[in-house]
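The values are calculated or read from the model by the stated rules, or taken from the named source; none is laboratory data. All values derive from a computational prediction rather than experimental measurement. Ideal geometry is used to build each Cβ from the backbone, glycine not excepted, and the neighbour counts take in all protein chains shown. Ligands, DNA and RNA are stripped out before the accessible areas are found, and what is left, the full protein with its side chains, is counted by its heavy atoms. Shrake-Rupley method; radii C 1.70, N 1.55, O 1.52, S 1.80 Å.
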Amino acid sequence: MLATARKYRKSGKSPVDEIEEILERIRTDTHNAFITVDEQGALESARQAEKLIESSDDPLIGVPIAVKDNICTKDIRTTCASNILTGFTPTYDATVVEKLKRRGAVILGKTNLDEFAMGSTTTTSNIGPSLNPWDPGRTPGGSSGGSAAAVALNLCAGALGSDTGGSIRMPASFCGITGLKPTYGSVSRYGLVAFASSLDQIGPMTSSARDAALLFDAVKGHDPLDSTSVPQEYLPTDLDGLDLDGMRIGVPDDFFAEGLNPEVEQAVRFGISILENLGAKVRRIRLPHIRYGVAVYYIIATAEASSNLARYDGVRYGSRAPHAEDLVEMYLETRSKGFGAEVKRRIMLGTYVLSAGYYEAYYKKASEVRSLIASDFDEAFAECDLIAGPASPVTAFGLGEMADNPLSIYLLDIYTIPANLAGLPALSIPCGFDTEGLPVGMQLMAPCFREDLLLGAGISFQDHTKFHQVKP
Ligand code: GLN
């Protein structure tokens, strides 16, 4: 994003030329990163940017941004990669989109995802999976895989994703880009299609931590239209980075447990040693309850999803079964045909854990363990400023791999889920490659509303490393 701004300001490049070039790259690209490209809208905004740029030095003017297709965009269809939303075009912009437009950014279109953001591969998308820019036979990760691929392929200057259980950080690590899951309540969810409302957050996906800071600063802040948005002062990120000297970084033993690919471990440990060389004081810590994270998440997230997705009944949004005899049959047919297998599995699991007799055993218990996980972090942050570990236990795997074993895919969320359960901000930044040349992501976590620390540390790390500059 800053690179695009420099092109306009320093080299005098015209935003219209830039956007035309990007649109041409998108047209000829074969990674299935976009569901919808708004060529006309993008060119119109580029023409406006051309004028705006004369009178304002806002670095966002004319900068091409891609938006995950579960974030509402006025007059651009929003599909959530689901057949049930066929024909749905929002009449309003999500707050994040409105904020970007107001700053003069160019919205290019909507990126691919797992259906309703449920998944880790984009293979549950109704248009088929996106392909990993580093190896088209592999997944870009998910659910914000289209956004991650678009950034890595330079099909946009930055993108928005959403993260309920890792959907920004995991694809960021698989595609070698930077991804931030902000503090719960710091970015408005107004206009984000709800998956699990107590976990969902929108965040930036970019090619550097500096760009992530720019994009985060543009979309964060209180929004009266989202009742979970927190009214408070938000600390700006210092784009010069953070002095890491004396910064206390906790490394949880629990993040280096069974199931972690040894090459990922090696790269992440190397990343941590770089932070140490920059002056950070690294120490081992424990987060004893995070091993229950996956179990807790797949109860809470499915429970909330089953309730949120009840609204797709063929009456208010999207598609409707055409030949039903009565109302119940219409509901049944619309939902049976409209949702894919993974979404149905989540709705059924969620309905089950909320049902009378099971609620106490599952949902209530999970909520209690969720509090224990949050207290683990409170204790950890009493003695360290940041926490570091892997973003994902593996690097990008083959498309369709594990497709018949959803549980093994759920288990890949082990390192990302805790931040969602505790509401914390977490960042994935490139920290190396495995022996096949696939990128590895290091995850940094901070206390609530300390994105300034997280991004500042990320900027300093990237000022001393080149992993984020390596292109597929
Ligand atoms: N992999 C997780 C899931 O399938 C993450 C989803 C997300 O963050 N949107 O639920």
Note to self: On the principal axes of its Cα set, how long, how wide and how thick is the chain? Give whole Å, largest value first.
What the structure shows: 68, 55, 45
Check: What is the Å³ per residue value for the convex hull set by the Cα atoms of the range 264-378?
Finding: 166 Å³
Next item on the list: Could you order peptides 261-268, 437-444 by the average number of other Cβ atoms within 10 Å of their residues, highest first?
Entry: 437-444, 261-268
Next item on the list: Would you please put 227-235, 425-433, 90-98 in order of how densely packed they are, using the mean number of other Cβ atoms within 10 angstrom per residue and starting with the highest?
Entry: 425-433, 90-98, 227-235
Notebook entry, point to check: When only the heavy atoms of the protein chains count and the probe is 1.4 Å, how do TYR415, TYR298 rank by accessible area, highest first?
Noted result: TYR298, TYR415
Note to self: Give the lysines whose C-alpha is closer than 27 Å to that of LYS364, dropping any in the same chain fewer than 8 places away, or say none.
What the structure shows: LYS181, LYS344
Checklist line | Flagged links, alpha-carbon separation over 21 Å, of LYS10/LYS74; LYS220/LYS365; LYS99/LYS466; LYS220/LYS466; LYS10/LYS471; LYS68/LYS220 | finding: LYS10/LYS74; LYS220/LYS365; LYS99/LYS466; LYS220/LYS466; LYS10/LYS471
Notebook entry, point to check: So for the pair ASP378, VAL282, with labels modelled 7 Å out along Cα→Cβ, what separation do we get in nm?
Noted result: 3.0 nm
Item checked: Cut-off 14 Å between beta-carbons: net charge of the residues surrounding VAL264, Lys and Arg +1, Asp and Glu -1 -> -3
Checklist line | Square roots of 5 times each gyration tensor eigenvalue, C-alpha, the range 1-156, largest first, Å | finding: 27, 18, 12
Next item on the list: Leaving out ligands and nucleic acids, note down the accessible area per residue over the chain with a 1.4 angstrom probe, in whole Å².
Entry: 38 Å²
Checklist line | For the chain, share of DSSP beta bridges that run antiparallel, in % to the nearest 5 | finding: 65 percent
Next item on the list: Give the carbon-plus-sulfur fraction of the accessible surface of the chain in %, rounded to a whole number; probe 1.4 Å, heavy atoms of protein chains only.
Entry: 52 percent
